[in-house]
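Below is one structure; the comments refer to it alone.
The values are calculated or read from the model by the stated rules, or taken from the named source; none is laboratory data. Just so we're clear, the structure is a prediction, and the values are computed from it rather than from any experiment. Neighbour counts are summed over all protein chains in view; Cβ atoms, including those assigned to glycine, are modelled from backbone coordinates with ideal geometry.
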Amino acid sequence: MKGYLEVADIFRGFGPDYRELHGAEMPLRHLRVMRAIEVCRTAELGGHIDQCDHCGQLKVSYNSCRNRHCPKCQFLEKER
């Protein structure tokens, strides 16, 4: 376990209920951003397997949503 929450964790946990209550009054672009953040770097967006040249260990890397509002996708850009 990571030990900390990310925005995606909160959206995954509370997003469905929030959208059920407020989705009709939310702009479509907000709903799309929430969904992009929820699925960012998960199997839902696909991914690839990397293998270490030395030990052969496999690591799964999932694709990002690339949404400009996503904290995971924009972290490096923000740090620059």
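Pairing each residue of region 9-33 that is of a type in the set (A, V, I, L, M, F, W, C) with any residue that is part of a helix (DSSP H, G or I), provided the two are 6+ apart or on different chains, yields C-beta distances under 6 Å for F11/M34; F11/I37; F11/E38. Determine whether region 16-36 contains at least one residue that is at pLDDT 95 or above, within 9 Å of the chain's Cα centre (by Cα), charged (D, E, K, R) and surrounded by 13 or more Cβ atoms within 10 Å (Cβ to Cβ). Yes, some residue in region 16-36 is at pLDDT 95 or above, within 9 Å of the chain's Cα centre (by Cα), charged (D, E, K, R) and surrounded by 13 or more Cβ atoms within 10 Å (Cβ to Cβ).
Among the residues of region 42-63, is there at least one that is in contact with a Leu (Cβ under 7 Å, 6 or more places away or on another chain), surrounded by 14 or more Cβ atoms within 10 Å (Cβ to Cβ) and assigned to a loop (DSSP other than H, G, I, E, B)? Taking every residue of region 42-63 in turn, at least one turns out to be in contact with a Leu (Cβ under 7 Å, 6 or more places away or on another chain), surrounded by 14 or more Cβ atoms within 10 Å (Cβ to Cβ) and assigned to a loop (DSSP other than H, G, I, E, B).
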